[in-house]
Amino acid sequence: MKIEVKNLVHEYIPGQRALDGVNLTIEGTEPLAIIGQNGAGKTTLVKHFDAILRPTSGTVVINGRDLSELTCAQWAAQVGYVFQNPDNQLFLETVRKEFEFGPRQVGMDEARIEKRLKHVAELVGLADKLDVNPADLSPAEKKFCAIGSVVMMDCDVVIFDEPTCGQDLEGNARLERIIAALRDAGKLCITISHDVKFVTRCFPRAVVMCQGKVLVQGPVEEVFSQVDLLKQSFVVPPPICRVALGAGMSQAVFSVDDLVERVRKERNNCE
C-alpha cells in the first residue's frame, strides 16, 4: 500500500486553507496515527484518501492511481472511513443490515458476506446484537457498529476518526485488538486520535499536523522525543515519556518496564 500526497491544498472557504501544501508518503501496512490540535487539518486530510473531499490543488495518489480517476463510491471498495460520530454513518434497521450493506455495494458475494459477518461481529463485540436496531445500542456499541460496517468491506485501507471517544478500558482494549487484526490481515489502519497513550500503545508510526501542514512524522519513539516541535501543535507526550525525557534520555519510552530497562542500560554504560 502506498499513499502519496503532493502539495495538497484544501479550502472550504476561498482563501482560507484547511490544508496548506501537505506533502506526505504513507507506505506499507504498519498502523499509522495522525495527531495534532483541533483544527490542524487531520480529518480534512484523511477525507481526501477516499474522495469524500477533493483537492483545491495538489494530488493524492493511491497505489499509483490519482484520486481524481475514481468517484467516492468507487474508492470505497479500497479505502474505508469510519466517522467520528457513528450517527452520521448508521442508517439501517439492524446491525446485520449495516454490516451487509457495504459489501453488497462493492459486489461481494453472499457466501463471503456471511463468512465475514460472523468474524467481524465477534471482532467488534456485537455477535449477539446482529438483530438489534443500531439506535438502541449504547454510544460505545454504536461506534463498534460503525467500525464493523467498514471492516466488513475488506478494504485495503481503514481510517478511524477519534475511535476512543466515549470508550472505557474494555472498549479501548477491543479497539487495540481490531487494529492488530487489521495489521495481521495486511490492511493499513490510519487513525486520528488525541489519546497519546492509545497512540503509543497501538501505532509504530505517527504524523503530527499543525495549521494545515505536516509538522513531523516517523516512528513514535522519534516523534515523541521532539518535545519542542510537539508543543507547536499542543501535543503532550505521555507521562512516562515526559519523565524519561526530563531525565535526559535521548529517546522516548512509553512504559514503566521500558523506562527501567533504559535506566539499567545507561547505568551499565556509565560503569
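Note that the stretch 29-69, at 37 °C in a medium of 0.692 mPa s, gets a Stokes-Einstein diffusion coefficient of 284 µm²/s from its Kirkwood radius over C-alpha pairs.
For His194, His119, His48, the sequence from fewest to most other C-beta atoms within 10 Å is His119, His194, His48.
Please arrange Ser138, Ser225, Ser233 by counting, for each residue, the other beta carbons lying within 10 Å of its beta carbon, fewest first. Don't skip to the answer; put the middle values down first.
Working: Ser138 10, Ser225 21, Ser233 18.
So the ranking, lowest neighbour count to highest, is Ser138, Ser233, Ser225.
So, counting K/R as plus one and D/E as minus one, what does the shell of residues with Cβ under 15 Å around Glu11 add up to?
Numbers: positive: Arg17, Lys47, Arg54, Lys213; negative: Asp20.
Residues close to Glu11 contribute a combined charge of +3.
Each stretch of four or more DSSP H residues adds -39500 (n - 2.57); spread over every residue of the chain, this sum gives -11000 deg cm²/dmol at 222 nm.
Would you mind calculating the gained length between Met1 and Thr56 on full extension (0.36 nm times residue separation, minus the Cα-Cα distance), in nm to one decimal? If you can, show how the numbers build up before the last one.
Values: separation 55, 0.36 × 55 = 19.80 nm, distance 2.44 nm.
That works out to 17.4 nm of additional length.
Only one of (1) 14.6; (2) 27.0; (3) 15.5 was calculated from the structure for mean projected area of the Cα convex hull in nm², and its label is (3).
Order of Phe83, Phe99, Phe234, Phe224 from fewest to most other C-beta atoms within 10 Å?
Details: Phe83 19, Phe99 25, Phe234 12, Phe224 29.
Listing Phe83, Phe99, Phe234, Phe224 from fewest to most nearby Cβ atoms yields Phe234, Phe83, Phe99, Phe224.
Compared with the dominant principal axis of the Cα atoms in the chain, helix 110-123 is inclined by about 40°.
Using the Cβ of Gly218 as centre and a radius below 15 Å, the other residues enclosed give a net charge of -3, where K and R count +1 and D and E count -1.
Glu69 to Ala111: FRET efficiency via 1/(1 + (r/R0)^6), r the Cβ-Cβ distance, R0 35 Å, to the nearest 0.05? Don't skip to the answer; put the middle values down first.
Details: r = 31 Å, r/R0 = 0.88.
Step by step, r from the Cβ atoms, then E = 0.70.
Binning the alpha carbon pair distances of the stretch 64-147 at 10 angstrom intervals from zero yields the distribution 17, 47, 28, 8, 0, expressed in whole percent. Between 0 and 90 degrees, the angle of helix 95-105 with respect to the longest Cα principal axis of the chain falls at about 80 degrees.
Taking a quarter of the surface of the Cα convex hull of the stretch 120-271, what do you get in nm²? Could the numbers behind the result be given before it?
Numbers: hull surface 43.5 nm².
Mean projected area of the Cα convex hull: 10.9 nm².
Kirkwood hydrodynamic radius (Cα pairs, Å) of the stretch 1-68? Evaluated over the stretch 1-68, this radius sits at 12.3 Å. The angle separating the long axis of helix 139-151 from the principal Cα axis of greatest extent in the chain is about 80 degrees.
With the cut-off at 1.5 for a/c, could you classify the stretch 56-202 from its C-alpha gyration tensor as rounded, prolate or oblate?
Details: a/c = 1.61, a/b = 1.15, b/c = 1.40.
Note, shape of the stretch 56-202 comes out oblate.
Throughout, read-outs are computed from the coordinates displayed, never taken from laboratory work. Note that the coordinates shown come from a computational prediction; the quantities given were computed from them, not determined experimentally. When we count neighbours, we look across all protein chains shown, and the Cβ atoms used for this are built from the backbone with ideal geometry, even at glycine.
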